[in-house]
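To keep things clear, I will list the structure first and then write my remarks on it.
Bear in mind these aren't lab numbers, they're just calculated from the coordinates by the rules spelled out. Quantities reported herein were computed from a predicted structural model and do not represent experimental measurements. We place every Cβ from the backbone using ideal geometry, glycine too, and count neighbours over all the protein chains shown.
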Amino acid sequence: MNAFSQRRIEITKKGEEKSEYSTDYLISSIKCSFSGKPADYHIGLSSKTKAKAESIRIVGSVCSEMVEIAINKLLSQELSGSQWPVVLDLDKKLLYHTYDADEQGLSAILGWKEYNSKVYQ
């Protein structure tokens, strides 16, 4: 059996083939670290500055219902240096930085709720 026949192929609505190696398939197969549901976000750690995405250490993936739990878990860990929880989309684009919430006098969770309320208005 050759490698091609072992790949999973899906047919999209447009009739195009999409293999398991495509970006869309990989993103849709990411699971939440807590619930096992499909993930909506990556959760990671960053310094105070919103530098390049390379400086963010991704520690897991979460569904939208578990973001607050993930932020709390990261905040409760003893971390060396100044590291702040961040939320990224599945393409690893920075969406929310807890340091920004702290600067505005908000807790990490209140900052996340405020971010969500602005996004879904």
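Amide H contacts for Trp84 (H built 1.01 Å from N in the peptide plane; partners 5 or more residues away or on another chain; cut-off under 5 Å): Ser46, Ser47. Please list, in chain and number order, the residues 5+ apart from Tyr96 or on another chain whose amide H is under 5 Å from its amide H, with Hs placed from the backbone. Those qualifying (amide H under 5 Å, at least 5 residues apart or on another chain) are Val87. Each label point is 7 Å from the Cα along the Cα-to-Cβ direction; what then is the distance between the points at Asn116 and Asn72, in nm? With each label placed 7 Å out from Cα toward Cβ, I get 1.3 nm. Between Asp89 and Leu106, the modelled labels are 1.9 nm apart [label points 7 Å from Cα along Cα→Cβ].
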